[in-house]
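The values are calculated or read from the model by the stated rules, or taken from the named source; none is laboratory data. Remember, it's a predicted structure, so these values are computed and weren't measured experimentally. In this analysis, Cβ positions are derived from the backbone assuming ideal geometry, glycine residues included, and neighbour counts consider all displayed protein chains.
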Ligand SMILES: [Zn+2]
Ligand SMILES: [Zn+2]
């Protein structure tokens, strides 16, 4: 019988894991500089969390969630595999009262997310995100910190990116805008796709997520631009950030159609894009503010913002990475099975003294086969454990200069350099 992996998920082999670790190490070191603390979020959350925070009419909640219906006694509960990290960290923040526990409320996480989407290149149903969230810090300094962090990370990774930025306003500035948007959408109702016809009534802002009518929607956004309705405080926050970006010579592009496909955002939102991936999946980092969501769930906290990196996509376009420095490899061969036990005690003693990587010993392999394997594995030394061990001696061979000698076991560590 042959088993195949589930559609849309990925086996990650050692070479790729090494790249992932390289990227995540850089992310970790960078956010560490700014006092962020790591948290581990559960993969499973209740469905209501996402319905409430991401929004019922979003693509994620409407069609992309992996659901598990759990039955206990006479109750059923729907649990989902987390589709993103922000909703979960907000829940964690409130449930654990983190606002009182940490003076600096800056957190980060890394782990897999799950979305039931059509699988394609650089888009998987299980994918990894590295995310950072800042609570209780007002704009524009907290927005700028997020952008600064992303810029530092992309620079360290040597990846060219384009920053796109927009303000989607707050509840106040959106009220009037949504009325206008609805009017305009109704005029061209027959031109809209079926999904958007439904969105028009329930959550008109979501038509900007349309994948079918990209051009039409872009024209529409020129006609009824949110920027015209933006309130004074939202405008100030956005302009202040833009000024800081200019002062810091950070390049950006203001994109009025950028709304992010999640309801919890307000104010500044942004995306980092790369030209190295196809347009449908070229966003490799995205974020924004969600002050309304946090203050609704934790009224004493008025501000929150965050961003997340798509680690799989970043790895896909990573130009180069530093391989982990490996410690010296030592092969341990046995002349025959009788010497297995003494070889284990030699290994134990060696590991106490030296930071080395041990390969072997192997049962039921000829000495020749063992030596061939050690050579292919790039071992620097091989210890051949045989009759000599009875006199507390061992044969050591240096694969690099091909010198072989019999030495006293007590001197072993001196020979491994
Ligand atoms: Zn506003
Ligand atoms: Zn549509």
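For segment 152-192, a tally of residues being within 16 Å of ligand 2 (Cβ to nearest atom) and either at pLDDT 85 or above or touching a helix residue (DSSP H, G or I) at 6+ places or on another chain (Cβ under 8 Å) (or both) returns 9. When segment 392-405 is filtered for residues that are over 24 Å from residue 363 (Cβ atoms) and either touching a residue at least 12 places away in the same chain (Cβ under 8 Å) or crowded, with 18+ Cβ neighbours inside 10 Å (or both), the ones remaining, listed by number, are 398, 400.
When residues in segment 99-152 are screened for being part of a helix (DSSP H, G or I) and surrounded by 20 or more Cβ atoms within 10 Å (Cβ to Cβ), 6 of them pass. Among the residues of segment 204-213, those that are in a helix (DSSP H, G or I) and without any contact (Cβ under 8 Å) to a residue 60 or more places away in the chain comprise 204, 205, 207, 208.
If we scan segment 118-137, do we find a residue that is in the same structural domain as residue 98 (by TED's automatic domain parsing) and within 16 Å of ligand 1 (Cβ to nearest atom)? No, the conditions are met nowhere in segment 118-137.
Does residue 44 satisfy being in the same structural domain as residue 310 (by TED's automatic domain parsing) and buried (at least 18 other Cβ atoms within 10 Å of the Cβ)? Considered against the rule, which asks whether it is in the same structural domain as residue 310 (by TED's automatic domain parsing) and buried (at least 18 other Cβ atoms within 10 Å of the Cβ), residue 44 comes out as no. In segment 202-211 there is at least one residue matching the filter, namely being touching a helix residue (DSSP H, G or I) at 6+ places or on another chain (Cβ under 9 Å) and within 16 Å of ligand 1 (Cβ to nearest atom).
Against the test of being surrounded by 14 or more Cβ atoms within 10 Å (Cβ to Cβ) and more than 30 Å from residue 21 (Cα to Cα), the options 330, 359, 335 yield a single qualifying residue, 335. Considering the conditions (1) assigned to a helix (DSSP H, G or I); (2) without any contact (Cβ under 8 Å) to a residue 40 or more places away in the chain, residue 1 is excluded by exactly one of them, (1).
Every residue in segment 205-223 that is away from ligand 2 (no atom under 12 Å from the Cβ) and surrounded by fewer than 17 Cβ atoms within 10 Å (Cβ to Cβ), please.
218, 219, 222, 223
Can you find a residue that is over 26 Å from the mean Cα position of the chain (by Cα), in the same structural domain as residue 153 (by TED's automatic domain parsing) and more than 16 Å from ligand 1 (Cβ to nearest atom) anywhere in segment 248-269? Within segment 248-269, one or more residues are over 26 Å from the mean Cα position of the chain (by Cα), in the same structural domain as residue 153 (by TED's automatic domain parsing) and more than 16 Å from ligand 1 (Cβ to nearest atom). Here residue 373 meets the list (1) out of contact with any strand residue (DSSP E or B) (no Cβ under 6 Å at 6 or more places or on another chain); (2) exposed (fewer than 14 other Cβ atoms within 10 Å of the Cβ); (3) at pLDDT 95 or above almost entirely, failing just condition (2). Need the failing condition index for residue 389 against (1) surrounded by fewer than 18 Cβ atoms within 10 Å (Cβ to Cβ); (2) over 44 Å from the mean Cα position of the chain (by Cα); (3) at negative phi, just the number. Status for residue 389: all satisfied but (1).
Criterion applied to 201, 222, 176, 180 was being free of Cβ contacts under 8 Å to residues at least 24 places away in the same chain, outside any loop (DSSP other than H, G, I, E, B) and not assigned by TED's automatic domain parsing to the domain that holds residue 277, and the one residue passing it is 201.
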